[in-house]
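Just below is one structure, and these are the notes that go with it.
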Amino acid sequence: MNTNSQQNSIYQRNNKKKIKNILTNLALLTATLLVCYGICELTFAIWEAKLLKTMGVFIPVDPRVDGAAWEVDPNQASKFMWQPDGNSIVHIRSPNSKLMYELRPNAEISEIIKINSHGFRDYEFTKEKPPNTFRIIVVGDSVTFGWRQKLEDTYPKVIERKLREALGSKINIEVLNFGVGGYNAEQEAELIKTKVLEFNPDLILIGFCPNDGQIGFDGGLWWHFFRGRSRTLSFLKLLSIYNKIRKDILYILRSAYTEIASISNQYKIPVLVCILPMLQGEELWFPKEFPELLDNLHIPYINLVKSFEGKDIKKLMLDTVHLTLEGHKLVGEIIAQHLIEKGFIPNTK
């Protein structure tokens, strides 16, 4: 064997050793990274669970079921199972990350709850406003949506009925229910910006529930649509939200209503916030700093909590936030009267 052949052979052996060493090191690095990632996932899963508890985010008893809709018919859990694509017959992931989820268009949830083609719990209506029509759109959460009532018994439809009775043929009144169960103030602001404006409202009502400044009070919807496959990434996103709320307890409300005020001013559409009560023990509660925030933003409001004081709460509220049939009737009548008295409806002041 000549010298060149020997050198070639040595070179090839050395080269094979280098490649083998590189592959071995890559395999060890990959294995180490996987082990580290697994440890991180386990660690952050534990931390995430603690942080969710601290923040009061609702975690469903059975994560396989859309718990926010299940209570409509508890005997048919299988009907509300999350499907392979992560959606249910009621709620679907929104292409808008700020909304997170929406109601499934044309869904029939129960005999009394049906979703229209636009994805809202109301009769079919057109984006184009009919002639001589004053269109009011009500934004809110499950209190506005009305899980336990027929559509015509929800407070938005009570408002519509009372205004029509009071005004007669002077002007056609439409009150459209855009309530989506579980939405907080941030989601409601985004809904106004991206959907409500498309329907040309003359007035926007916001049914403010005292938990609108928090996240995850929605039967597990926020938790379901927020969390990704990685516990590490979910925890870091959650921690970022937690730190903002910890620094400013009104962070979500301040951010959302600043945007709502801007939209109202830009499009010359008045907004009225209707502050609904929440039961804390035996006491009616709402965040006392909230009216001051609205005053500073020049957003008018009506405090409905005062209208509940001194009354039999059991006849007005089903639980800590949701209204009974009588509660919806009371709220709708008071708001309708307020709209007339304060001149929100043309030629009625």
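The values are calculated or read from the model by the stated rules, or taken from the named source; none is laboratory data. This structure is a prediction, so every number in the text was calculated from the model and none was measured. Because the Cβ atoms are built from the backbone with ideal geometry, glycine has one as well, and the counts that use them run over all protein chains shown.
One line per residue, one yes/no per condition, for (1) of a type in the set (Lys, Arg); (2) surrounded by fewer than 17 Cβ atoms within 10 Å (Cβ to Cβ); (3) in contact with a strand residue (DSSP E or B) (Cβ under 6 Å, 6 or more places away or on another chain):
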position	(1), (2), (3)
THR54	no, yes, no
VAL57	no, no, no
PRO63	no, yes, no
ALA68	no, no, no
GLN76	no, yes, no
PRO84	no, yes, no
HIS91	no, no, yes
SER97	no, yes, no
Only one of these is among the small types (Gly, Ala, Ser) and touching a Gly at 6+ places or on another chain (Cβ under 7 Å): ALA166, ALA185, ALA189. Name it.
ALA185
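Yes/no matrix, rows are residues, columns are (1) out of contact with any Asp or Glu (no Cβ under 7 Å at 6 or more places or on another chain); (2) under 26 Å from ILE171 (Cβ atoms); (3) of a type in the set (Phe, Trp, Tyr); (4) surrounded by fewer than 16 Cβ atoms within 10 Å (Cβ to Cβ):
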residue	(1), (2), (3), (4)
SER234	no, no, no, no
SER240	yes, no, no, yes
ASN243	yes, no, no, yes
ASN265	yes, yes, no, yes
LEU276	yes, no, no, no
LEU318	yes, no, no, yes
PRO346	yes, yes, no, yes
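Suppose we filter segment 290-334 for residues that are in a loop (DSSP other than H, G, I, E, B) and within 29 Å of ILE263 (Cβ to Cβ); how many remain?
Looking only at that region, the number is 7.
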Looking only at segment 65-122, count how many residues are touching a residue at least 12 places away in the same chain (Cβ under 8 Å) and on the phi > 0 side of the Ramachandran plot.
3
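Out of all the residues in segment 341-349, is one or more assigned to a helix (DSSP H, G or I) and among the aliphatic types (A, V, I, L, M)? Please lay out each step first, then the result.
Here is the first cut: in segment 341-349, the ones assigned to a helix (DSSP H, G or I) are 341.
If we keep only those that are among the aliphatic types (A, V, I, L, M) too, we end up with none.
No, every residue in segment 341-349 fails to be assigned to a helix (DSSP H, G or I) and among the aliphatic types (A, V, I, L, M).
Being within 20 Å of LYS157 (Cα to Cα), of a type in the set (D, E, K, R) and touching a residue at least 60 places away in the same chain (Cβ under 8 Å) narrows it down to one of GLU333, GLU341, so name that one. Outline the logic, then answer.
Details: GLU341 fails: touching a residue at least 60 places away in the same chain (Cβ under 8 Å).
Of the residues listed, the single one that is within 20 Å of LYS157 (Cα to Cα), of a type in the set (D, E, K, R) and touching a residue at least 60 places away in the same chain (Cβ under 8 Å) is GLU333.
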Quick one: GLN187 ticks every box in (1) more than 19 Å from the chain's Cα centre (by Cα); (2) crowded, with 24+ Cβ neighbours inside 10 Å bar one, so which box is it?
(1)
Flagged pairs (Cβ under 7 angstrom, 6 or more apart or on separate chains; first in segment 123-138, closer than 25 Å to ASP153 by Cβ and touching a residue at least 12 places away in the same chain (Cβ under 8 Å); second of a type in the set (A, V, I, L, M) and assigned to a loop (DSSP other than H, G, I, E, B)) are PHE134/ILE171; PHE134/ILE345
So which strands (runs of 3 or more DSSP E) are wholly in segment 176-283 and hold at least 1 residues that are touching a residue at least 12 places away in the same chain (Cβ under 8 Å) and aromatic (Phe, Trp, Tyr)?
203-208
What's the number of the condition VAL72 fails, among (1) within 21 Å of GLN149 (Cβ to Cβ); (2) surrounded by 12 or more Cβ atoms within 10 Å (Cβ to Cβ); (3) at pLDDT 80 or above?
(3)
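Counting only residues that are among the charged types (D, E, K, R) and closer than 22 Å to PRO156 by Cα, which one in segment 278-310 is surrounded by the most Cβ atoms within 10 Å (Cβ to Cβ)?
We begin by selecting, within segment 278-310, every residue among the charged types (D, E, K, R); these are 282-283, 288-289, 292, 295, 306, 309.
Checking the rest, the ones that are also closer than 22 Å to PRO156 by Cα come to 306, 309.
Values: LYS306: 12, GLU309: 9.
Once the filter is applied, the top-ranked residue is LYS306.
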Does SER262 meet the test of being farther than 20 Å from TYR155 by Cβ, touching a helix residue (DSSP H, G or I) at 6+ places or on another chain (Cβ under 9 Å) and at pLDDT 95 or above?
no
Of those in segment 113-172 that are of a type in the set (Val, Ile, Thr) and more than 23 Å from PRO210 (Cβ to Cβ), the residue farthest from the chain's Cα centre (by Cα) is ILE171
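When you go through ARG246, ARG254, ARG227 one by one, which is the residue that is out of contact with any Cys (no Cβ under 7 Å at 6 or more places or on another chain), of a type in the set (Lys, Arg) and at pLDDT 95 or above? Please lay out each step first, then the result.
Numbers: ARG246 fails: at pLDDT 95 or above; ARG227 fails: at pLDDT 95 or above.
So the residue among ARG246, ARG254, ARG227 that is out of contact with any Cys (no Cβ under 7 Å at 6 or more places or on another chain), of a type in the set (Lys, Arg) and at pLDDT 95 or above is ARG254.
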Give me the pairs: first residue in segment 26-41 and within 18 Å of THR232 (Cα to Cα), second residue in a helix (DSSP H, G or I), beta-carbon distance under 9 Å, and six or more apart or on different chains, which are they?
TYR37/THR232; CYS40/ARG231; CYS40/THR232; GLU41/ARG231; GLU41/THR232
